[in-house]
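Below is one structure, written out as structure tokens, with a few remarks after it.
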Amino acid sequence: MRLGVHVVTYDFEGGPRAIAPMLAATGRAVDEAGIDNLSVMDHYWQMEMVGGPDLNMLEGYTTLGFLAAHTESAELQLLVTGTTYRHPGLLAKIVTTLDVLSGGRAVLGIGAAWYEEEAVGLGVPFPSTGERFERLEETLQIVRQMWSDDEGPYDGDHYQLGRTLNRPQPVRTPPVMVGGVGEKKTLRLVAKYADACNLFADPADASGTVRKLDVLREHCRNEGTSYDRLRKTITCMAPADPAAGGAAFVEQMRAFADIGIDQVHVMPPSNDPASFVRALGEHVVPGLSAL
């Protein structure tokens, strides 16, 4: 099983001046620990469940560009981009730029967006849930077209592109992850357009994930796509102290590996993600790699 680290906070000791050095140290630690994927959030404001808008939040793709310069091997992505945050043509260009400058390590993680408060606060359009999913599907179509040999126009209900020119093309066509657990819309989009899914999971109970994978498998049948092609990933809480809880966490992940999950994304529970990553490398990575 592969391991990803998902950085969600930037309130480090020392204030804003400490953010860049901590992220650089985290990137170096990710390489040294053998972590496969490094991700950050795509939000304008910090989420309420992590402390609320008065805490620090960085723009996601700028942050990934910085991390590209401080890592050598890990995939880089947002977990996940809100489809309403950037025009699809620009989004394809941004992810392409990240891929080229990182040597082929970009992943496009994308979802329908949900944090209305931040959008209203900064004056960003935030349409209805139904329209956001329509825009998400058109965005998936557009990025696929821009990463292909087809430079023709795109004429959708919400987006019209006169020429889907993208130069340079990515070093590696970025894998597309559609994040979310909605059974009717989100998992159908995974089946139709994506290379990977990301599900929220309780590390102590894999039964809910089994249910979601069954639904995803059925959508793949209906769409005529291969379920086996998909990377199945989960996001869950890791032990706050990998030295003390790492072995038990690996055993919990065994149940997820048995049902086909091949990557787990964990969130540093402290304000020192670099130290947390180093502990993961010592106490968790070897066990997960053997699953």
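The values are calculated or read from the model by the stated rules, or taken from the named source; none is laboratory data. Quantities reported herein were computed from a predicted structural model and do not represent experimental measurements. Quick reminder, even Gly has a Cβ in these numbers, built from the backbone with ideal geometry, and neighbours come from all protein chains shown.
Exactly one condition in (1) in contact (Cβ under 8 Å) with a residue 24 or more places away in the chain; (2) closer than 29 Å to Leu55 by Cα; (3) out of contact with any Lys or Arg (no Cβ under 9 Å at 6 or more places or on another chain) is false for Glu116; which is it? Here Glu116 meets the rest and fails (1).
Looking across region 75-96 at every residue that is of a type in the set (S, T, N, Q) and out of contact with any Gly (no Cβ under 8 Å at 6 or more places or on another chain), the one that is farthest from Glu48 (Cα to Cα) is identified as Thr96.
For region 147-177, a residue qualifies if it is in a strand (DSSP E or B), surrounded by fewer than 17 Cβ atoms within 10 Å (Cβ to Cβ) and either within 15 Å of the chain's Cα centre (by Cα) or not charged (D, E, K, R) (or both), and exactly one does: Gln160.
Scanning region 81-107 for residues that are assigned to a strand (DSSP E or B) and either in contact with a Leu (Cβ under 6 Å, 6 or more places away or on another chain) or under 14 Å from Trp147 (Cα atoms) (or both) yields a single hit, Ala106. Looking at Phe12, is it assigned to a helix (DSSP H, G or I) and either out of contact with any Leu (no Cβ under 6 Å at 6 or more places or on another chain) or under 19 Å from Ser102 (Cα atoms) (or both)? No; evaluated as a whole, the condition is false for this residue. Every condition in (1) touching a helix residue (DSSP H, G or I) at 6+ places or on another chain (Cβ under 8 Å); (2) in a loop (DSSP other than H, G, I, E, B); (3) over 30 Å from Gly162 (Cβ atoms); (4) touching a residue at least 60 places away in the same chain (Cβ under 8 Å) is met by Tyr44 except one, and the failing one is (3). Determine whether region 205-217 contains at least one residue that is of a type in the set (D, E, K, R), out of contact with any His (no Cβ under 7 Å at 6 or more places or on another chain), modelled with pLDDT of 95 or more and not in a helix (DSSP H, G or I). Scanning region 205-217 turns up no residue that is of a type in the set (D, E, K, R), out of contact with any His (no Cβ under 7 Å at 6 or more places or on another chain), modelled with pLDDT of 95 or more and not in a helix (DSSP H, G or I).
In region 162-170, the condition of being under 18 Å from Gly4 (Cβ atoms) and in contact with a helix residue (DSSP H, G or I) (Cβ under 8 Å, 6 or more places away or on another chain) is met by no residue. The set of residues in region 34-74 that are surrounded by fewer than 17 Cβ atoms within 10 Å (Cβ to Cβ) and among the β-branched types (Val, Ile, Thr) comprises Val50, Thr62. If you go through region 178-199 and keep only what is in a strand (DSSP E or B) and out of contact with any Cys (no Cβ under 7 Å at 6 or more places or on another chain), you end up with Gly179, Ala196, Cys197, Asn198, Leu199.
Kindly check whether there is at least one residue in region 28-40 that is assigned to a loop (DSSP other than H, G, I, E, B), farther than 20 Å from Pro168 by Cα, touching a Pro at 6+ places or on another chain (Cβ under 9 Å) and among the small types (Gly, Ala, Ser). Yes, that holds for at least one residue.
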